[in-house]
Number of protein chains: 2
Amino acid sequence: MELDFSKLDGLLPAVVQDARSDEVLMVGFMNAEAYAATLERGEVTFFSRSRGKLWRKGEQSGHKLLVREVRVDCDADTLLVRVEAPGPGACHEGYRSCFYRRLERDGSAAVAAERVFDPATVYGKDAKR
Amino acid sequence: MELDFSKLDGLLPAVVQDARSDEVLMVGFMNAEAYAATLERGEVTFFSRSRGKLWRKGEQSGHKLLVREVRVDCDADTLLVRVEAPGPGACHEGYRSCFYRRLERDGSAAVAAERVFDPATVYGKDAKR
């Protein structure tokens, strides 16, 4: 089937979900090349909007995301990638999931998960996933 | 905390996850107004890119998504909205989740979920969520 890369200037949002726990780990964007690389290698590869290039998750940290299944939504413009995540955490802040903060009604954010690794050790000071 | 609406011209991707089953139901976009409406009413409200206006999920179908928790990611540019979904399905194609198709290695898509309602009955021919 044809994916619709037209809505976000060549990008699709890709939701990454742990295939065992069903936890949503992170959301990134893929262009056609990142999507092809993800399938080819079986490891989640995004297009980094800030750096303007492909970014294979775990290339620095070693915390790769291994593709188990790819789902596509009804409009063919969003992916759900179910993965095995053998590393301690997907988030460069040291958490299992990037969604470690809960937004409260007053607009504040509360940490709602435990830190599972020290980001400075894994990423150094220039934290980049 | 401040959400970063700048990366997608005023929009944030919002992943909607069933708070009971942890199934990812859909992904939509929120602008600041849609986000405020979501919190205000406790029902998921998106900004429809195709129609250029707010779209309260379930306004036609009755299949509302009731907010149980909102999470924000490390970059404050993506939301994870955990919901109660009392309607039969979030997808306007008649499935529980919009991610009802699995992408196969050969590029084809296979339906991997059961249809739970008849979209023509709920939405009429002009299917619009």
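The values are calculated or read from the model by the stated rules, or taken from the named source; none is laboratory data. Nothing here was measured: the structure is a model prediction, and the numbers come from that model. Glycine also receives a Cβ, built like all others from the backbone with ideal geometry; neighbour counts cover every protein chain displayed. Keep in mind that these areas ignore ligands, DNA and RNA; they rest on the heavy atoms of the full protein, side chains included. Shrake-Rupley method; radii C 1.70, N 1.55, O 1.52, S 1.80 Å.
Dipole size of chain A about its Cα centre, with +1 on Lys/Arg Cβ and -1 on Asp/Glu Cβ: approximately 460 debye, rounded to the nearest 20.
Projecting the Cα positions of A:GLY52, A:TYR35, A:LEU11 onto the charge dipole of segment A:2-73 (unit charges on Cβ atoms of Lys, Arg, Asp and Glu, taken about the Cα centre) puts A:GLY52 furthest along the positive direction. For chain A, the solvent-accessible area of protein heavy atoms averages 45 Å² per residue (probe radius 1.4 Å; ligands and nucleic acids excluded). Taking trypsin sites (Lys or Arg not before Pro) across segment B:21-105, the ones in a DSSP loop with at most 13 further Cβ atoms lying within 10 angstrom of their Cβ are B:ARG51, B:ARG105. The rotation axis that maps chain A onto chain B passes nearest to the beta carbon of this chain A residue, listed with its distance in whole angstrom: A:ASP22, 2. Given a cut-off of under 8 Å on Cα pairs at least six residues apart, what relative contact order in percent is computed for segment B:1-54? Computed over segment B:1-54, the figure is 25 percent.
The mean sequence distance of close C-alpha pairs (under 8 Å, at least 6 residues apart), as a share of the length of chain A, puts its relative contact order at 22 percent. Normalised by 2.2 N^0.38 Å, where N is the number of residues, the alpha-carbon radius of gyration of the protein assembly as shown equals 0.97. For B:THR78, the residues whose modelled amide H falls within less than 5 Å of its own, excluding neighbours fewer than 5 places apart on the same chain, are B:ASP73. Diagonalising the gyration tensor over the Cα atoms of chain B and scaling each eigenvalue by 5 before taking the square root yields semi-axes of 24, 18, 15 Å, largest first. With label points set 7 Å from Cα along Cα→Cβ, the inter-copy distances at B:PHE5 are 3.0 nm, sorted shortest first. Phi-derived couplings, Karplus 6.51 cos²θ - 1.76 cosθ + 1.60 at θ = phi - 60°, listed residue by residue for segment A:24-34: 7, 8, 6, 10, x, 10, 10, 8, 4, 5, 5 Hz, with x used for Gly and Pro. What separates the Cα centres of segment A:12-89 and segment B:84-125 is a distance of 22 Å. A P(r) calculated from all alpha carbon pairs of segment B:51-118, with 10 Å bins opening at zero, reads 18, 35, 35, 12 percent.
With loop defined by DSSP as not H, G, I, E or B, and exposure as at most 10 other Cβ atoms within 10 Å, which is the longest segment of chain A clear of exposed GluC sites (Glu not before Pro)? That would be A:3-113. Per-residue Karplus couplings for segment B:66-81, computed as 6.51 cos²θ - 1.76 cosθ + 1.60 with θ equal to phi - 60°, are listed in order as 8, 6, 9, 6, 10, 10, 10, 8, 4, 8, 6, 10, 8, 10, 10, 9 Hz, Gly and Pro entered as x. A simple spin-label model places the labels of A:GLU104 and A:GLN60 3.2 nm from each other, with each point 7 Å out along Cα-to-Cβ. Between A:LEU54, A:LEU66, A:LEU103, find the one with the highest GNM mean-square fluctuation for chain A; connect C-alpha pairs within less than 10 Å. Of A:LEU54, A:LEU66, A:LEU103, the most mobile in the Gaussian network model is A:LEU103. Over 27 Å apart at the Cα level, from the set A:LYS57/B:LYS53; A:LYS64/B:LYS53; A:LYS53/B:LYS57; A:LYS57/B:LYS7; A:LYS57/B:LYS57; A:LYS7/A:LYS53, are A:LYS57/B:LYS53; A:LYS64/B:LYS53; A:LYS53/B:LYS57; A:LYS57/B:LYS57.
With the cut-off at under 15 Å, measuring from each backbone N in segment A:17-43 to a point 7 Å along the Cα-to-Cβ line of A:GLU69 picks out A:17-24. Here the 3J(HN,Hα) profile of segment B:98-110, calculated from phi with Karplus coefficients 6.51, -1.76 and 1.60 at θ = phi - 60°, is 5, 8, 8, 10, 9, 8, 8, 4, 7, x, 7, 10, 10 Hz, Gly and Pro shown as x. Share of carbon and sulfur in the accessible area of chain A stands at 45%, probe radius 1.4 Å.
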